[in-house]
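All remarks here apply to the structure that follows.
Just so you know, all these numbers are worked out from the coordinates, no wet-lab data involved. Values in this document were obtained by computation on a predicted structure and should not be read as measured data. Here Cβ is always computed from backbone atoms with ideal geometry, including for glycine, and neighbour counts include all displayed protein chains.
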């Protein structure tokens, strides 16, 4: 299961239900995907297929929706 948390432009933010417990979000784009750790600060973990510009844009989207993502994580994982 990979619930969508946010759609912003060409970016879809989501997480997998049975991945790892560390708080993070995946960002999908037509050109590729990235994964960002959220705590203690937003940091890129991995990226494939995205340009530097797209990664920067993806991180901006994550930062803009950070509280919404964290709330969705807590609700989904009941933490």
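Quickly run through the stretch 49-72 and pick out the residues that are surrounded by 17 or more Cβ atoms within 10 Å (Cβ to Cβ) and either over 10 Å from the mean Cα position of the chain (by Cα) or assigned to a loop (DSSP other than H, G, I, E, B) (or both). Working first, answer last.
First, the residues of the stretch 49-72 that are surrounded by 17 or more Cβ atoms within 10 Å (Cβ to Cβ): 50, 54-55, 57-59, 61-62, 65, 69, 72.
Correct list: 50, 54, 55, 57, 65, 72.
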Single residue of the stretch 11-26 satisfying the filter (in contact with a helix residue (DSSP H, G or I) (Cβ under 9 Å, 6 or more places away or on another chain) and in a loop (DSSP other than H, G, I, E, B)) that is surrounded by the fewest Cβ atoms within 10 Å (Cβ to Cβ): 21
Number of the condition not met by residue 3 [criteria: (1) under 15 Å from residue 71 (Cα atoms); (2) in contact with a helix residue (DSSP H, G or I) (Cβ under 7 Å, 6 or more places away or on another chain); (3) surrounded by 15 or more Cβ atoms within 10 Å (Cβ to Cβ)]: (3)
Residue that is farthest from the chain's Cα centre (by Cα), among those in the stretch 27-48 that are over 19 Å from residue 4 (Cβ atoms) and outside any strand (DSSP E or B): 40
